[in-house]
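Following: one structure in structure tokens, then a few remarks.
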Amino acid sequence: MDRVGRFAASLLLVPALAVPRGFGPDSARDEARWEERYRALPDSAVIRETARLLSAAPHHVGSAYDEKNAQWILARFREFGFDASIETFYPLFATPRERLLEMVEPGRFRASLAEAPVEGDPTSSQTAAQLPTYNVYSIDGDVTAPLVYVNYGIPADYESLDALGVDVRGKIVIARYGASWRGIKPKVAAEHGAVGCLIYSDPRDDGYFQGDVYPKGPYRPPQGAQRGGVADNPLYSGDPLTPGVGADKPPAHWSLDDAKTLSRIPVLPISYADAQPLLAALSGPVAPREWRGALPITYHVGPGPARAHLKVSFDWKITPVRDVIARIRGAEFPDEWVIQGNHYDAWVNGASDPVSGMSALLEEARSLGTLLREGWRPKRTILLCAWDGEEPGLLGSTEWAETHASELQRKAVAYVNSDSNGRGFLNVSGSHSLETLVNEAAGEIEDPEKKMPVGRRLRLRRIAVARNSEERREARERGNFRIGSLGSGSDYTTFLDHLGIASLNLGFGGEGGGGVYHSIYDDFSWYTRFSDTDFSYGRTLAQMAGTVVMRLADSDILPLDFTGEADAAARFLKEVKDLAKERREAVEERNRRIDEGVPEAMADPREPFVAPKKEPPVPEFDLSPLEKASDSLAEAAKQYESALGAAGRSDSARAARVNALLRSAERELTREDGLPRRPWFKHFLYAPGFYTGYDVKTLPAVREAIEEKQYDDVGPNAKKTAEVIEKLAARVREAAAALRAR
Ligand SMILES: [Zn+2]
């Protein structure tokens with residue numbers, strides 16, 4: 001076989017005849033021909049019509065239109081010539097029965113908790129079918145208590161409250177959206193003793209501070225509120241009742257006590273119109289500068305004198321979710337699966353989230369159907385999945401993957417995800433073994449507005465936004481542009497974090513902005529005025545994802561890259577070392593200042609003062625097993641690259657041996673016992689943060705032990721993490737040896 005490695009060494013040098021990774025010269029010619037044909041097929045006009053139809057009515061889990069969409073998607077898959085069916089699962093879901101929020105002191109105010117229809121936006125008035133604004137997996141509750149403003153409601157905010165002498169025990173907290181997964185806010189509030197949690201959208205974050213509000217502009221109008229799940233998804237995702245097991249039939253008995261991820265206190269999302277009177281009625285210390293939003297008030301922290309009455313109750317029900325799964329059988333390796341998915345359920349009409357991504361996936365499906373009729377036969381099986389129930393808690397994808405776990409662990413090659421799509425730059429994150437594949441594909445896909453490869457545009461952007469010369473140098477000179485790492489937030493979570501399947505998340509965005517996320521205003525009218533208005537980036541996403549999927553399905557040797565992966569692991573280790581050093585110095589400095597009397601000298605004697613306490617010093621950690629493992633992976637990657645370069649024309653028996661080893665490479669990074677505190681999460685290179693929930697923590701077992709001051713755990717967790725990296729290195733060496741074998 002032949003290969004061209006990192007060919008984009010210079011932005012200006014585009015190779016005339018690139019052989020993509022994993023293909024020999026002959027198969028590369030074939031592949032190029034089919035891909036060229038493929039990329040000509042996706043049609044923006046078809047995507048537009050699909051998007052209009054799928055978003056024509058509210059279609060949340062359990063609604064009539066959601067089921068109608070499932071049937072419609074199934075019919076399309078069959079029409080395109082695929083073997084398709086619906087798989088139904090039975091997780092717990094809840095819809096609101098009662099929602100009440102009022103201020104009872106000083107003065108009375110009752111929150112409207114309603115999003116008003118907008119003139120000229122026909123679907124915004126489909127009130128009867130819309131789910132009211134609420135946070136699913138909040139527990140039922142009825143509490144009356146003083147309010148405290150807690151900024152984003154993440155652990156650092158509570159440290160600031162401590163310094164102000166403000167305690168949230170027995171209080172209702174009001175947090176703003178942002179800086180964490182929303183489910184973290186009630187989790188951390190409950191850990192600090194709060195009895196209720198309100199989450200509002202501050203206009204600074206996605207309202208009038210950012211730009212004109214809907215319908216004049218794309219940003220959140222005063223009465224807009226963000227729905228969303230608040231389960232403790234960093235513990236496990238999917239059905240709260242069945243962690244690790246597919247909910248493939250309705251449970252005979254169930255109780256809310258079995259649902260370990262429900263919030264421990266009642267939660268309700270509100271608009272900034274509803275939040276303003278509550279926040280304006282707080283006194284107590286003025287909020288720290290970074291906590292202040294863009295409402296025309298002075299932000300105080302409280303507690304009180306504002307007292308709120310919050311009452312929520314829900315209709316708890318086992319609710320069917322329907323995944324639509326289409327299969328294109330592989331001609332040579334039917335038991336090697338390339339899986340792609342996007343969810344189709346929405347909070348309301350969801351033209352952006354998720355219909356923009358779903359309609360691109362359907363257009364990709366239509367185009368692959370055309371290729372099949374013209375004679376294309378992928379070597380491997382392709383599964384195209386339309387997930388239901390993503391919004392409440394990744395229900396459809398998690399239950400499906402848990403149900404088919406052992407088959408997936410044997411057969412899956414990779415999982416490619418998309419979700420909301422917008423206009424602008426390529427967004428790509430995932431397993432670093434897929435970095436070369438992504439770079440090569442991004443070199444061939446044209447940006448519809450700038451008429452240059454999307455990969456090149458991404459590099460140019462990175463030069464523009466680099467924070468220092470090192471980042472600029474990397475953006476200009478690194479062979480591949482780096483891809484981000486995945487935390488959580490969409491349907492890749494279960495594939496990557498629970499099953500250890502190499503995963504990617506693809507989309508476009510960064511231009512236009514907006515503030516309609518999870519509101520009734522995320523609809524076709526908004527999308528076609530403010531986002532990818534002509535669906536040209538929908539077409540681009542179909543081209544990009546389709547190219548990646550075709551290469552994964554057609555290659556002779558799976559297009560995985562361990563040099564990039566070794567580089568990523570070394571970088572994660574460096575970041576952890578930097579973090580430890582930073583923490584050590586910060587604690588030293590803090591303790592020194594306390595000894596010197598700096599805090600007392602700085603405090604205004606007319607304000608309350610809480611003397612800070614000294615912290616235990618941060619010890620030196622033994623990270624040597626990680627260093628050794630990282631070096632060992634780098635060495636193995638080198639061996640693999642040289643074996644790949646030296647390998648002649650591949651015979652299929654040898655390719656099959658190598659591919660079997662490669663297919664399970666990502667799995668080596670998992671451990672059966674899972675991460676400390678959360679055994680559902682098995683991947684030791686990436687996980688969503690336990691207290692952030694959305695963003696990625698790389699080397700999570702080590703990093704979080706440092707962040708959360710569990711210093712005794714750092715060494716043992718580093719050792720466990722090193723073991724999985726050593727396992728991967730061994731697997732890569734085996735693959736190199738298999739390539740060399742005659
Ligand atoms: Zn989504």
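Below is a table of values for the structure above.
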{"quantity": "Region 685-727: Cα Rg divided by the 2.2 N^0.38 Å rule of thumb", "calculated": "1.12"}
{"quantity": "Cβ-derived FRET efficiency at R0 25 Å, Glu290 paired with Asn591, nearest 0.05", "calculated": "0.55"}
{"quantity": "Within straight-line cross-link reach of Lys727, lysines at Cα separation under 20 Å, skipping those fewer than 8 residues along the same chain", "calculated": "Lys411, Lys628, Lys638, Lys682, Lys719"}
{"quantity": "5 angstrom amide H check on Gly507, placed H, neighbours 5+ away", "calculated": "Asn427"}
{"quantity": "Helix-only [θ]222 nm of the chain, DSSP H runs n ≥ 4, -39500 (n - 2.57) each, per residue, nearest 500", "calculated": "-12000 deg cm²/dmol"}
{"quantity": "Label point 7 Å beyond Cα of Glu607 along Cβ direction - residues of region 287-308 with amide nitrogen under 17 Å", "calculated": "287-293, 298-303"}
{"quantity": "Of all accessible heavy-atom area on region 615-703, the percent that carbon and sulfur account for (1.4 Å)", "calculated": "57 percent"}
{"quantity": "Vicinal HN-Hα couplings computed from phi for region 323-328 (Karplus, 6.51 cos²θ - 1.76 cosθ + 1.60; Hz; Gly/Pro x)", "calculated": "8, 9, 10, 10, 10, 10"}
{"quantity": "Solvent accessible area, Å² - Glu159, 1.4 Å probe, full protein context", "calculated": "110 Å²"}
{"quantity": "Percent breakdown of C-alpha pair distances by 5 Å bin, ordered from the shortest bin, for region 583-742", "calculated": "1, 8, 13, 14, 12, 11, 10, 9, 7, 5, 3, 3, 2, 2, 1, 0, 0"}
{"quantity": "Rounded percent of accessible protein surface that carbon and sulfur make up, region 421-492, 1.4 Å probe", "calculated": "43 percent"}
{"quantity": "Of all accessible heavy-atom area on region 161-247, the percent that carbon and sulfur account for (1.4 Å)", "calculated": "54 percent"}
{"quantity": "Proportion of all alpha-carbon pairs of region 412-451 beyond 11 Å (%)", "calculated": "73 percent"}
{"quantity": "Reachable lysines, given that their alpha-carbon falls under 29 Å from the alpha-carbon of Lys171 and they are not under 8 places away in the same chain", "calculated": "Lys185, Lys187, Lys260, Lys311, Lys613, Lys614, Lys709"}
{"quantity": "Cα-projected label distance for Glu119 with Lys614, points at 7 Å along beta-carbon direction, nm", "calculated": "6.8 nm"}
{"quantity": "Virtual spin-label span in nm between Glu575 and Arg476, 7 Å along Cα→Cβ", "calculated": "2.5 nm"}
{"quantity": "Share of alpha-carbon pairs per 10 Å distance bin for region 49-202, given as whole %", "calculated": "9, 27, 27, 21, 12, 4, 0"}
{"quantity": "Shape call, region 663-709: gyration tensor on alpha carbons, a/c limit 1.5", "calculated": "prolate"}
{"quantity": "Packing-based order for 484-493, 85-94, 618-627, 206-215, using average beta carbon neighbours within 10 Å, highest first", "calculated": "484-493, 85-94, 206-215, 618-627"}
{"quantity": "Separation of the Arg742 and Lys216 label points, Cα + 7 Å toward Cβ, nm", "calculated": "7.9 nm"}
{"quantity": "Global form of region 389-543, assessed from the alpha-carbon gyration tensor, a/c cut-off 1.5", "calculated": "oblate"}
{"quantity": "Cα gyration tensor, region 521-673 - rounded (a/c under 1.5), prolate or oblate", "calculated": "oblate"}
{"quantity": "Residues of the chain: accessible area per residue with a 1.4 Å probe, Å²", "calculated": "37 Å²"}
{"quantity": "Scattering curve values for the chain, log₁₀ I(q)/I(0), Debye with Cα scatterers, q = 0.06, 0.07, 0.09, 0.12 Å⁻¹", "calculated": "-0.36, -0.50, -0.83, -1.46"}
{"quantity": "Ranking by accessible area, most exposed first, for Lys379, Lys581 with a 1.4 Å probe", "calculated": "Lys581, Lys379"}
{"quantity": "Label point at Glu159 placed 7 Å out along Cα→Cβ; residues across region 560-596 whose backbone nitrogen lies under 18 Å", "calculated": "576-595"}
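The values are calculated or read from the model by the stated rules, or taken from the named source; none is laboratory data. All of these numbers come straight from a predicted model, not from anything done at the bench. Please note: Cβ atoms are built from the backbone with ideal geometry, for glycine as well, and neighbour counts cover all protein chains shown. All accessible areas refer to the heavy atoms of the entire protein, side chains included, with ligands and DNA or RNA removed. Shrake-Rupley method; radii C 1.70, N 1.55, O 1.52, S 1.80 Å.
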